[in-house]
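Read-outs throughout are calculated quantities, based only on the coordinates presented, and are distinct from any laboratory measurement. If you're wondering where the values come from, they're calculated on a predicted model, not measured in any experiment. Every residue, glycine as well, gets a Cβ built from its backbone with ideal geometry; the counts of neighbours run over all protein chains shown.
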Amino acid sequence: MTPREAAFKALTSHQFASEALGDWQRRSNPDPRDFRLAQEIAYGTTRMARALDAAAKQLTPTGKLQLKRKEKALLRTALYQALYMERIPLYAIAEESVAL
């Protein structure tokens, strides 16, 4: 499981993100850098959810977001990486988001 997939699953699970990421860490023993990336994406997406929703609404013709829970989480994680994580290339964000 990739760090982005782990972050996405943490955001869409019925657990707290920290618990879901902890489960992933115990099960998969990811590289510490991958674990920190997953944490940053999950926690940052949660922390900036309102700002990310506002940014997403600006991209729609109606100014409204009518997405299912998982779709909204996926959009938020992609926007968080694009807007707040400068070192991640856009092609990587797009490729991973489509794969999820």
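Things worth noting here:
- Segment 19-57, residues that are in a helix (DSSP H, G or I), without any contact (Cβ under 8 Å) to a residue 12 or more places away in the chain, surrounded by fewer than 16 Cβ atoms within 10 Å (Cβ to Cβ) and polar (S, T, N, Q): none
- Scanning segment 69-100 for residues that are assigned to a helix (DSSP H, G or I) and charged (D, E, K, R) yields Arg69, Lys70, Glu71, Lys72, Arg76, Glu95, Glu96.
- Flag not set for Gln66, criterion: surrounded by 13 or more Cβ atoms within 10 Å (Cβ to Cβ) and either of a type in the set (S, T, N, Q) or part of a helix (DSSP H, G or I) (or both).
- Counted residues, segment 68-84 - those being under 10 Å from Ala7 (Cβ atoms) and over 8 Å from the mean Cα position of the chain (by Cα): 0
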